[in-house]
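Structure first, commentary second.
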């Protein structure tokens, strides 16, 4: 990398926070003003032209109330959507108890705000139709008679990303490469185990070399009377740390296994619940469930072995919720059935979050380092007790070293429940898919 390119790189690094702030702030403030202006204009139009003409205009995808990504949609005071220029399938549906991707009943908040203050902002999460990702969104609302006019805007970070990336690329003009820290991060899980093996092998060798050099020295003679009870005390602490660490690891594995089983069961429950719906609705839900499971098995599981997740999974989860929103079951089956659908969806989403969160937890706790420390101390204690007897020292160190390496290997394999060597597999999800 040339000096000028390096200088530009550091300049971009220093200015990047300000670039992000400016890009996000510009988009956010501009869209906020546009949303407020559009809602105020819709309220005035309603007061001047009445209900029927207003709903006709708002429902027009090429009408005056669609300004690019910002547009007006409307509810009545019961939470029923009465106008939507982008998704007309929502018109006539009561949305009051439909949550966002995080389970927030934001439409109920919209109606309560309209009945209270009459206007204001409501924040929630939504599925971006352009990229399928779950993203934050804010909606400005205003009540006009029995209508509540709304205009939503993206938070701004996602919109600014492309502008920021282009700005950085224009400054340094290099192709993105995998960073050194990212490459080293892939090896981080193995560092602990390699260190444990080194401890198990190097400490005994160090003691043998020490004995060879100092066999007849006064130092050896001075410490040769250390009681074997020292080994017991240090070994007890080593055992406690081993038990604490093993308990943490196996509890996480049980949680991960439970999450996979419960996710698979929730998928089966959702398939059973929707199998009796109209053909089009049942097919829509089954397709959304199949795509979610196929993504988990064919793409996400491999990524989870490396501590990641599929970038497509949030969109697939969002598609399940979107399928529920499009159903007419709220009118046909009643709110109780719809509530069961939402509850089952929440189980799928929450267990998916649990297993991906556990897969991404690849940092070792202080207990791992405590285990290594007491492993060293235990070997030192063995060496000190047997320091005047080289052959028993060598045998004791060898036995402990092998046991220490085996213990660390068992804990290490189970540290990552979704790795190739771990017992947790995607079979429950595959079984759920086969049974649909």
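Quick notes on this one:
- Criterion (at pLDDT 90 or above, surrounded by fewer than 16 Cβ atoms within 10 Å (Cβ to Cβ) and either under 33 Å from the mean Cα position of the chain (by Cα) or over 21 Å from residue 42 (Cβ atoms) (or both)) met by exactly one of 87, 81, 131, 112: 112
- Residue 155 being in contact with a strand residue (DSSP E or B) (Cβ under 9 Å, 6 or more places away or on another chain), buried (at least 16 other Cβ atoms within 10 Å of the Cβ) and modelled with pLDDT under 90: yes
- Flag: residue 358 matches the condition of being within 30 Å of residue 265 (Cβ to Cβ) and either part of a helix (DSSP H, G or I) or at pLDDT 70 or above (or both).
- Residue that is farthest from residue 253 (Cα to Cα), among those in segment 376-431 that are touching a helix residue (DSSP H, G or I) at 6+ places or on another chain (Cβ under 6 Å), modelled with pLDDT of 75 or more and part of a loop (DSSP other than H, G, I, E, B): 426
- Among (1) under 24 Å from residue 419 (Cβ atoms); (2) at pLDDT below 80; (3) surrounded by 21 or more Cβ atoms within 10 Å (Cβ to Cβ) - the single one residue 323 does not satisfy: (1)
The values are calculated or read from the model by the stated rules, or taken from the named source; none is laboratory data. Keep in mind that this is a model prediction, so the values were computed, not measured. Cβ atoms come from the backbone with ideal geometry, glycine included; neighbour counts cover every protein chain shown.
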